[in-house]
Structure formats: C-alpha cells, structure tokens
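A.B. asks: Sharing a structure below in structure tokens format, with a few things to ask.
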Amino acid sequence: MRLHEYEALDIFEQNHIPVPRRELVSTMHDALHVAGEIGYPVIIKAQVLVGGRGLAGGIRTASNPDELKEAADELFTSEIKGMPVRKALVCQKVDIVKEFYLGMTVDGYSGKPVIVVSTEGGVLIEETARTSPEKIAAIHIEPSFGYYPYQARSLLRMLGLEQKLITPWSEIIGQLYHIATRYEALIAEINPLVVLSNGVLMAVDAVLEVDDSALSRIRFPLPDRVDRIENPLERRGREIGVTYVDLDGDIGLISSGAGLGMASMDIIGQKMKPANFLETGGGITADLLYRCMELIMMKPDLRGIFINVYGGINPIHEGAKGVIRYMQEHNVKIPVVAKALGNRQEETWEIFKSGEVHVVTEAATEKAVDVLYKLVGPGKKTDAGRPKASAKGK
Amino acid sequence: MSILMNDSTRVIVQGITGRIGSAQTHWMLEYGTRVVGGVTPGKGGTTTEGVPVFNSVLEAVKQTGANASVFFVPAAFVLDAFLETIDAGIKLIVIVPEHIPVKDVLRMRSYAIEKGVFALGPTTPGILVPGMGKMGIMPASLFAPGRVGIISRSGTLSYEFAGILSENKVGQSTVVGMGADPVVLRNLADILELFENDKDTDAVIVVGEVGGEQEEKAAGFIARQMTKPVAAYIAGRYSPQGKKMGHAGAIVRGSAGTVTGKHEALKAAGVEVLESPIDVAKWAKKNKLK
C-alpha cells in the first residue's frame, strides 16, 4: 500500500526527520487560510497516488494569495494522470541550496534491502542513474546482520561529500531505515532531500510503500487501504479479495493466477481488447466466482467473457457453479468461453456446459481465445490502441 | 531422470491437518509421491490421509527419515516453521503459501543459503517429476514423462506450458515453480544450473513475467554456461504498469524489468524467445524434443 505524501511526511516527522511546515487542505478557501498562517511563498501539492506528479502539473508555487487562489482552483478541478485531486498539501517554500536523493527498497535478486543515495536529487533521478552513474552510490544490507551507522557514512563518502554533511545525512539514513523496518516498507524514499541556506537537511517530499502482506502485524496506525482506491471496480475487487485492474476494452477476463491472467491479456490483446484484468489467487469458491462475474459485468458494453482457470490448489468445479448461477440469475446473453483444466476437470466441464458456457479442453489459451473471437468478432474498441491502466493495480 | 526430487525423496507435509494441506496430501499420494509424515504442532499422534502426524519437524525427521518438506502453513507462521525445518536438517523445502511478508522472506532466504538448503517459493506450485512424484499443488493431469525441463515464475503458466507440450507428445523431465513473489528463495540461474547438469534433460523452457530482473540475470548464466537449448516466454507485454518499485528499484536495476528488456537480454544469450505460449510446440518440434 502506497501512502500519501502527507501521511508519509507525518511519519517522517514523528521519527525525527526534518520536514517543512505544512497542512492538508481540501478547498481553495482552506488553502488560503493555511498559507496565511505559514507565510508566503508556499507550495501547493496535489495528494494523488501516481508517480511523476510534479511533471504532470500537480505541484505549484504561489507567492501571494492571488497566485494561490488560481493554483488551488486549478488543482481541485483537474485530474493528475486520470486521478481527481481531492486533497492538497500546502507547504512552506523553503530556501533550497542543493537537492539530493535518498531511497531504500528491496533488491529482489540479491534478496537484500538496498539503500541508494545521489548528489543529484529531483524528478530526473532515474535519468541521472543512466547517464552519470558516478553520482549514485548504493549499499546492500545483510538481512542477518542488519543496518549499522558506519554503512551510511561509508556510502556517503563514496559520493565524495564534505564531512559536515555526512553526519546529519547519515542520521537521516538511520531514521529512514528505522521507519522502513517498523513499517515493513517496500519503498521508502526522500526525493529531494535538500540542503537549506542555513545548512539544515530537510525532506521536502516523502514516499512510503508498505508491504500489503505485513499490514495485519504493523503496530502503528495506518490508513484504510480499501478507501484509497479511486476506481470503484478496483475497490470492489479488493473488497471481495481478488486483484482487479480496470482496462478500456470490452472482453471480460477471469483467471486463477497472475501469470495466466497476464498471458491471457497478451493473447486477447492480439485480436480483441480486455475490459479488465482479474486474478482470483488460490481461494476460489462458488461464491467468489459469483462475485467475480458480478464485478466484471459492472462494465457496460461487454461483448464476451473469457474464463481461464486451473485446478491445482483451486476447486474449479466449485468456481464453475458460481459462474453459471450468476449467468442464470442475471440472464447473461453474451458469449462466455471457459478453459478449465486440472483436478476435477471433467466435472467442471459438465457444470459449465449445463450453463451454456463454451468449454475448451485443450491447454493452449490461444485456442480458447480463438473460440471466443469466432463468437464475438473484433469489435469497435480493438483498433483503438493497446489497453491502458486507468489506475494503479495496488 | 529429474532434478530436486528423486527415488530417495521422502516428503513431509507441514500444515497437513489443514483443509488445503490434507486435500493436497491426498493428490500427492495419489500421484505416487512418498509422503512419509506430516507436521502440525498439537496434532501429533493422529493420522491424515493415512499419514502419521507429528508435533515437530525434528520428531518427524527422526521417525520417518524425511529429507524434504512442503508447506501449507498459514503465512503468518511460515518464517518460524521454516527456521525449524532447516534446523531439523531438511535440505529441500517448498513454500506454497502466498502473502508472506517480504521481511520474512529475506530472513528465510538468507538462512537457507547459509545452511545449504534448496528452497522454492513463496507462492509456488512446487515441483513435479512426471510419473514419479510431486511436492506441491500442480494438477497431475497436465504432465507427461519426457526430457524437457520447465521453470516458471507463475504457477498457472507452468501448467499451461506442460499441458501444451504433453498434448504435442513432448514430455517433461521436471517442472519447477520458482515462486511468483518479488523476492524468492532461489534465483532462476540456480535452477537452470540443475537442469544443465541433469543427464535426463535435453532442453529447458523458462516462463517469466514482467518485473524484477530474474530473467536478465539468468541470461548471463545461459550465455556463459548453458549448452542445452533454452526457450523463454515472458508474460505481461500489455499489462498495466503498476508494479514499479519506485526510483530506488529502477536505479539499482537500470531498467524496470520490462518485457522488451527481458527479450533483448535473453536473445543476446542465444535463447529462443516465444511470442505466445502456443509457440512452444513449434520450438519443441524444431529441436526434436520428446
């Protein structure tokens, strides 16, 4: 779960990382009031959970109430990468001398946390990594050994920093590592970490992504993770316990694994367009697939449904019962094609057939998608380009 | 004949008394796997599917001579049970459960490597040796004995590829699910090395997906050390970009684990890149695999 900047800044502040004065607002009127207290100039930042927010116009500077009025008006009536702006953070505009980068993540290949620093912070940090690798330094932390402050000091020396910056910066690295550990963060990032004209280091932005699998055991208060999903269909998916991503095609998809779901999207995408990605994981029941059908049918103008499931851990015969119960109760008229193989496959096929589902018994998804294509044809949406996510999956 | 599992593999099932654990024990036994015991703390002395249940892994090892374990333990208890299993001397562990916190996986991985234990997962369907046995949840009907090795990040896609090959009269030597999580207990290259050294495997299929850098790193191993033909499919060409690990991940990796980046790395290593799963049949035919 990705936290909003304002939530992450609060956590950073509680853990002794210097952050700017700021307040969360949801109207232009409140923004003016807060700026009056903080003092101009201020920065107003849209609180939306998308990357590249600054480049998309979500961060504005205002030197006086007129400028802030205009900026706030625009933000609250606009969308940033398809996300409506409901809240914004009004921040003190600090006097920046230099911008750095500090980030932590988990390196999946080495199986270790990694801390990354750079003398070039800001929105183009990934570009810097490609073009000037000497400006980046990274250090891996041994899981069995843990983090020690000398690692931060040697990391910063690799960048050739002057000593008077090394001490405060290594303290911030220690604090951020502490936060990342306590919140089981997959990403903890300060970009930029800035040096002010008075020499103080300050985090003027904050990214914190918490491991979804650890949410139940984190002992610190966290916001609700379902509430923050903007797309109502994706929110419903989370509520019923499946991964649903809304797409702009017209073929509904249910799959019993993420890899199979992605491959199904790739194959459908060759001739048609998926309306969604839906992955059940290993918890299929009749009720779950009934609710999955209900969810994918919420999209208007669906032309066909493709069900691709394997019975390894999943009782697919139970799933089939849920699908046909939905179809009978709601009088579904669009073609439904199912490829279902594995444990109790024959029983599953019989159940599907009793509900007028077109059953494919061969393993290749391509053949099943061909069956669907013969039933529904290319459709209007197919040539409109490739599917795009309307919102983040997680 | 196979990698990881062979005639002397004696399997215990951890979490055997649970709903999924007992159902999967049934399927494993039916496939001919030597399941010699199960472990559920507090349920020792009972039997499930005719298999004796023990209170601890050490007791199970002492009583049954078990040397491999498959997990159906709830995610929150996996780390503890995993460390117990390593300390009891088990050398092959399959972690089927999903949603295990990454922090736990990092500790599990580091301890397994330190102790020389080969562990797969989390979120893996396990290992299946056609005609001999299986540890995990792979549905037996899709597999046939033969000489092609399969390694897959996705569980369901390992079934898909085995199924397509079996329908085309091409069998498999061993099918391995490496786990679908961002951090897994063994890297792809380690499993490729086992297939390279297996005299009963003629060629290997890698089923990867967008994200991470397993395939890119394995390409280096393939270029340097693999003599057997390798084909690869990468799922997720049209998938929405939602899994990006922030700037730090992209900086460390140099790329975001895109399908294109993986294709380029694999092609440069001499791997045959399959555009769609069904193309695996043509590849097997071209290489006269069976």
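Bear in mind that the values in this text are calculations on the coordinates, not laboratory data. Bear in mind the structure is a predicted one, so any value in this text is a computation, not a measurement. In this analysis, Cβ positions are derived from the backbone assuming ideal geometry, glycine residues included, and neighbour counts consider all displayed protein chains.
A.B. asks: Picking from A:P84, A:P113, A:P232, which is most flexible by a Gaussian network model of chain A using Cα springs under 10 Å?
C.D. replies: Top of the fluctuation ranking is A:P232.
A.B. asks: Placing +1 at every Lys and Arg Cβ and -1 at every Asp and Glu Cβ, with all other atoms neutral, what dipole size does chain A have around its Cα centre, in debye to the nearest 20?
C.D. replies: On the way: 45 positive and 52 negative charges, 103 e Å.
Here chain A has a charge dipole of around 500 debye.
A.B. asks: For a label point 7 Å from the Cα of B:D190 along Cα→C-beta, name the residues of region A:99-143 whose backbone N is under 18 Å from it.
C.D. replies: A:107-113, A:141-143
A.B. asks: Could you size up the charge dipole of region B:11-120 around its Cα centre, putting +1 on the beta carbon of Lys and Arg and -1 on that of Asp and Glu, and report it in debye to the nearest 20?
C.D. replies: On the way: 9 positive and 9 negative charges, 23 e Å.
Approximately 100 debye in magnitude.
A.B. asks: With n ≥ 4 as the cut-off for DSSP H runs, can you work out [θ] at 222 nm for the protein assembly as shown, using -39500 (n - 2.57) per run divided by the number of residues, rounded to the nearest 500? Intermediate results must be reported in sequence, preceding the final value.
C.D. replies: Numbers: 22 runs with 244 residues, N = 684.
About -11000 deg cm²/dmol.
A.B. asks: So, one more: If neighbour count is taken as other Cβ atoms inside 10 Å, put B:M135, A:M262, A:M202 in order from fewest to most. Could the numbers behind the result be given before it?
C.D. replies: Numbers: B:M135 30, A:M262 26, A:M202 17.
Least to most surrounded, the residues fall as A:M202, A:M262, B:M135.
A.B. asks: Let me ask you something else. Once both labels are modelled 7 Å past Cα along the beta-carbon direction, what's the A:H29-A:M298 spacing in nm?
C.D. replies: 3.2
A.B. asks: Another question, if that's okay. Could you tell me the relative contact order of chain A? Use alpha-carbon pairs under 8 Å, at least six residues apart, and round to a whole percent. Intermediate values should be presented prior to the final figure.
C.D. replies: Numbers: 753 pairs, mean separation 51.8, N = 394.
This gives 13 percent for chain A.
A.B. asks: Return the long-range amide H neighbours of B:I278 (sequence gap of 5 or more, or a different chain), with a cut-off of under 5 Å between placed amide H atoms.
C.D. replies: A:E366
A.B. asks: Could you calculate the FRET efficiency of B:E59 with B:S8 from 1/(1 + (r/R0)^6), where r is the beta carbon distance between them and R0 is 25 Å, rounded to 0.05? Provide the component values of the computation, followed by the final result.
C.D. replies: Numbers: r = 21 Å, r/R0 = 0.83.
Efficiency, rounded to the nearest 0.05: 0.75.
A.B. asks: Treat the count of other C-beta atoms within 10 Å as a stand-in for reagent exposure and order A:C292, A:C91 from fewest to most.
C.D. replies: Values: A:C292 27, A:C91 24.
Ordered by Cβ neighbours within 10 Å, fewest first: A:C91, A:C292.
A.B. asks: Search the structure for amide H atoms under 5 Å from the amide H of B:L120, placed 1.01 Å from N in the peptide plane, and list their residues when 5 or more places away or on another chain.
C.D. replies: B:I93, B:V94, B:I95
A.B. asks: Please work out the Cα convex hull volume for region A:21-92 and give it in Å³ per residue. Write down the numbers at each step before the final one.
C.D. replies: Numbers: hull volume 5.0 nm³, N = 72.
Residue-normalised Cα hull volume stands at 70 Å³.
A.B. asks: Then there's this: Over the Cα atoms of the protein assembly as shown, what Rg and Dmax result, in angstrom?
C.D. replies: 26.2, 80
A.B. asks: While we're here: Strictly over 31 Å apart at the Cα level, which of A:K87/A:K299; A:K112/A:K339; A:K353/B:K262; B:K91/B:K199; B:K217/B:K282 would you flag in this model? Mind showing how you got there, number by number?
C.D. replies: On the way: A:K87/A:K299 28 Å; A:K112/A:K339 39 Å; A:K353/B:K262 40 Å; B:K91/B:K199 22 Å; B:K217/B:K282 26 Å.
Beyond 31 Å between Cα atoms: A:K112/A:K339; A:K353/B:K262.
A.B. asks: Evaluate the Debye formula for region A:70-172 with equal point scatterers sitting on the alpha carbons, no solvent, and hand back log10 of I(q)/I(0) at q = 0.22, 0.24 Å⁻¹, in q order, two decimals.
C.D. replies: Log-scaled intensity ratios, in q order: -1.14, -1.26.
A.B. asks: Moving on to the next point. Could you tell me whether region B:139-286 comes out rounded, prolate or oblate from its Cα gyration tensor? Rule is a ≥ b ≥ c as square roots of the eigenvalues, rounded for a/c under 1.5, then prolate if a/b exceeds b/c, otherwise oblate.
C.D. replies: Working: a/c = 1.79, a/b = 1.53, b/c = 1.17.
Prolate, because a/c is 1.5 or more and a/b exceeds b/c.
A.B. asks: Summing Lys, Arg as +1 and Asp, Glu as -1, what charge do residues with Cβ under 11 Å from the Cβ of A:V371 carry, A:V371 excluded? Numbers along the way, then the final one.
C.D. replies: Details: positive: A:K339, A:K367, A:K374; negative: A:E362, A:E366, A:D370.
With Lys, Arg at +1 and Asp, Glu at -1, the net is 0.
A.B. asks: Here is a follow-up. Take every Cα-Cα distance within region A:232-376, group them into 5 Å bins from 0 onward, and report for each bin the whole-number percent of pairs it holds.
C.D. replies: Bin by bin from 0 Å, the calculated values are 2, 11, 23, 26, 24, 12, 2, 0.
A.B. asks: What is the gain in length, in nm to one decimal, between A:R219 and A:D10 on full extension, counting 0.36 nm per residue of separation less the C-alpha to C-alpha distance? Intermediate results must be reported in sequence, preceding the final value.
C.D. replies: Working: separation 209, 0.36 × 209 = 75.24 nm, distance 1.61 nm.
Additional length available on full extension: 73.6 nm.
A.B. asks: How far apart, in nm, are two points set 7 Å out from the Cα along the Cα-to-Cβ line at A:I96 and at A:R228?
C.D. replies: 2.3
A.B. asks: Moving to a separate point now. For the charge dipole of the protein assembly as shown, defined by +1 on Lys and Arg C-beta atoms and -1 on Asp and Glu C-beta atoms about the Cα centroid, which residue among A:G319, B:F143, A:M28 has the Cα displaced farthest towards the positive pole?
C.D. replies: Selected residue: B:F143.
A.B. asks: Under 5 Å between amide hydrogens, which residues at least 5 positions from B:A144 or on another chain qualify, with H placed 1.01 Å from N in the peptide plane?
C.D. replies: B:Q172
A.B. asks: When the expected Rg is taken as 2.2 N^0.38 Å, what fraction or multiple of it is the alpha-carbon Rg of chain A? Numbers along the way, then the final one.
C.D. replies: Working: Rg = 25.2 Å, N = 394, 2.2 N^0.38 = 21.3 Å.
It is 1.18.
A.B. asks: Could you please rank B:M5, A:M265, A:M158, placing first whichever residue has the fewest other Cβ atoms within 10 Å of its Cβ? Could the numbers behind the result be given before it?
C.D. replies: Numbers: B:M5 24, A:M265 28, A:M158 14.
Result, fewest neighbours first: A:M158, B:M5, A:M265.
A.B. asks: Rounded to the nearest 0.05, what FRET efficiency do B:K91 and A:E329 have when you use their Cβ-Cβ distance and R0 = 56 Å? If you can, show how the numbers build up before the last one.
C.D. replies: Numbers: r = 52 Å, r/R0 = 0.93.
E(calc), rounded to 0.05, equals 0.60.
A.B. asks: What percent do you get for the relative contact order of chain B when only Cα pairs under 8 Å and 6+ apart count? Could you put the intermediate results ahead of the total?
C.D. replies: Numbers: 626 pairs, mean separation 42.0, N = 290.
Once normalised by length, the contact order is 14 percent.
A.B. asks: Further question: So, with +1 on the Cβ of K and R and -1 on the Cβ of D and E, and no other charges, what is the size of the charge dipole of region A:21-92 about its Cα centre, to the nearest 20 debye?
C.D. replies: On the way: 9 positive and 9 negative charges, 77 e Å.
Charge dipole, region A:21-92, about its Cα centre: 360 debye, nearest 20.
A.B. asks: If you don't mind, another one. Past the 21 Å Cα-Cα mark, which pairs from A:K45/A:K93; A:K273/B:K285; A:K93/A:K135?
C.D. replies: A:K273/B:K285; A:K93/A:K135, as the Cα separations exceed 21 Å there.
A.B. asks: Between A:E184, A:E234, A:E362, which gets the highest mean-square fluctuation from a Gaussian network model of chain A, Cα cutoff 10 Å?
C.D. replies: A:E362
A.B. asks: Pick out which of B:Q24, B:Q225, B:Q14 has the largest mean-square fluctuation in a Gaussian network model of chain B, springs linking Cα atoms closer than 10 Å.
C.D. replies: It is B:Q225.
A.B. asks: Label B:K43 and A:S144 with points 7 Å out from Cα along Cα→Cβ: what is the distance between them in nm?
C.D. replies: 3.1
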